[in-house]
Amino acid sequence: MQILASSTFILLSSIGYFQHAGASGPLLDIQHLLRPESTSSSPTQHHPKHASNPKTSDKSYAPWAHKPHCIYPQTAPNKRERFCVHTYHRQYGPSISIIGKPEMATDLLPKLDEDPLSIFLTPTQASEYLTTPRKYDVRPIPGKGIGVIATQKIPQYSTFMFDQASIVVDLEPDEKKSAPEYGRLLHLAVGQLREPVVVRNLSTANDERGLRKRGAELEGDVMETNSFATKVEDAQTKALFPLVSRINHACNPNAFVMFSPSGVSIGIKAYHDILPGEEITISYLFLGLPTLRRHERLEKWGFKCTCPLCSASPNARFASDTRRIRIEEAEKEIIDLWRDGQIQAAIRVAEEAVELMKEEDLTPMLTDEYMMLARLHMLRQEIEESEDYAAMTAEILKNLGFLGPEPDMGEWGLEKMLEAYGEGVIYRA
Ligand SMILES: [Zn+2]
């Protein structure tokens, strides 16, 4: 008998499955984003229409805006492998530079002009979005650098903000990013964009002499602290989304990021109603971690989290941590009980975890727990309960947008849900 289960893993892998069913989609691995520090922002607008710059564009390399620049990195595992910079000026949207193997750029090309609105919204929602003022503003926030503030009410589960990648870096060469050659590629990649300043303004980091970093050093810093880990064309990449990288972190965020199947577009969706004046936040971390572990992981962004969860009273924080630790323990307990054949006891523990997740407002994690309950009830031949839990999971996934903008809920019955989650929770006798 073999059980493979880990709450976070299941959550992430299953959401990846749902979002990209069958396709080689990116993971919902909100590995990071950063804390923007610059006060001289020039945030990208929705669908900005840029005039092509004749000085920097060269038609002879069409569809690329510049002659692709390639190197054979000394540090690459295969010395004969080329890594190149390909820059593309989107027709409607910011330009993008891709650093990686030439095949990646070629494969990605047909997707570079994808319209995020048509991916994340229904046609009705898209036309409403285009005809109403945007619901947020990018501006300085006292003590936090730049942030994003709601200027109008943003309804729960609505997708209200979109962005397209400006830089995509295949992580293979990036792992060797200390190599000066990588710095030069990145510097070229940024320089070839129509608006390099949009990328460069994301950092005001100083070097060891207290001077503002410049050139490749600054650009490397921007990628280090602002990019998302995502999967593009089966390659693990770092992708930079300049607008979305202005959103600050909160451990209990009011919004979250969704990737398009190609990985080059993202949409921001509200977990809750967000009121005018409220800061829009996403989590740079997996949900559900207790305070100490959150803070350890946030160290890499060099800031001390002052989100409502972290600045709650010691008692409230202790209560929250206790619940979160109990949720983690429950996962293991459920598996052990399952292994022992104590299904009824496993169900009780899972039900307890559900209540704790609700108290901690960890809605996405509920999908996992509900599917666990669906399986446990199946083992007891309690098909009705099992179907109910599968339906509850499907409902959350629908609300969170992981079944697409217009899902056919008739399709997402118990069988399909079990199949979808099969990758995450495998029980073999
Ligand atoms: Zn926090």
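The values are calculated or read from the model by the stated rules, or taken from the named source; none is laboratory data. All values reported here derive from a predicted model rather than from experimental measurement. Cβ placement follows ideal geometry from the backbone for every residue including glycine, while neighbour counts extend to all protein chains displayed.
Structural remarks
- Listed by position, the helices (runs of 4 or more DSSP H) enclosed by region 81-154 that each have at least 3 residues that are out of contact with any helix residue (DSSP H, G or I) (no Cβ under 9 Å at 6 or more places or on another chain) are 102-108, 123-131.
- Flag for Met357 being at pLDDT below 95, buried (at least 20 other Cβ atoms within 10 Å of the Cβ) and either touching a Leu at 6+ places or on another chain (Cβ under 8 Å) or within 30 Å of Val222 (Cβ to Cβ) (or both): no
- Among the criteria (1) more than 26 Å from Pro253 (Cβ to Cβ); (2) crowded, with 20+ Cβ neighbours inside 10 Å, the one Ala330 does not fulfil is (1).
- Matching option when the condition is within 16 Å of the ligand (Cβ to nearest atom), more than 30 Å from Pro142 (Cβ to Cβ), in the same structural domain as Tyr389 (by TED's automatic domain parsing) and not aliphatic (A, V, I, L, M), among Arg323, Arg348, Arg339: Arg323
- Scanning region 364-397 for residues that are aromatic (Phe, Trp, Tyr) and touching a residue at least 24 places away in the same chain (Cβ under 8 Å) yields a single hit, Tyr370.
- Total residues in region 288-307 satisfying the condition of being under 21 Å from Arg326 (Cα atoms) and surrounded by fewer than 22 Cβ atoms within 10 Å (Cβ to Cβ): the figure is 8.
- For region 130-159, the set of residues classified as in contact with a strand residue (DSSP E or B) (Cβ under 7 Å, 6 or more places away or on another chain) and hydrophobic (A, V, I, L, M, F, W, C) consists of Val138, Ile141, Ile146, Val148, Ile149, Ala150, Ile154, listed by residue number.
- Residue in region 346-353 that is small (Gly, Ala, Ser) and within 26 Å of Met258 (Cα to Cα) present: yes
- For region 273-284, the candidate set comprises residues that are surrounded by fewer than 20 Cβ atoms within 10 Å (Cβ to Cβ) and not charged (D, E, K, R); within that set, the residue that is farthest from the ligand (Cβ to nearest atom) is Pro276.
- All conditions but one from (1) within 23 Å of the chain's Cα centre (by Cα); (2) closer than 17 Å to Arg194 by Cβ; (3) surrounded by fewer than 20 Cβ atoms within 10 Å (Cβ to Cβ); (4) not hydrophobic (A, V, I, L, M, F, W, C) apply to Lys144; the one that does not is (2).
Yes/no matrix, rows are residues, columns are (1) more than 23 Å from Gly404 (Cβ to Cβ); (2) within 16 Å of the ligand (Cβ to nearest atom); (3) in the same structural domain as Leu121 (by TED's automatic domain parsing); (4) not β-branched (Val, Ile, Thr):
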residue: Asn226; (1), (2), (3), (4): yes, no, yes, yes
residue: Asp234; (1), (2), (3), (4): no, no, yes, yes
residue: Leu240; (1), (2), (3), (4): yes, no, yes, yes
residue: Arg246; (1), (2), (3), (4): yes, no, yes, yes
residue: Pro253; (1), (2), (3), (4): no, yes, yes, yes
residue: Met258; (1), (2), (3), (4): no, no, yes, yes
residue: Gly263; (1), (2), (3), (4): no, no, yes, yes
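- In region 288-309, the residues that are more than 9 Å from the ligand (Cβ to nearest atom) form Cβ pairs under 7 Å with partners that are modelled with pLDDT under 85 and of a type in the set (A, V, I, L, M, F, W, C), at six or more places apart or across chains, as follows: Trp301/Leu34.
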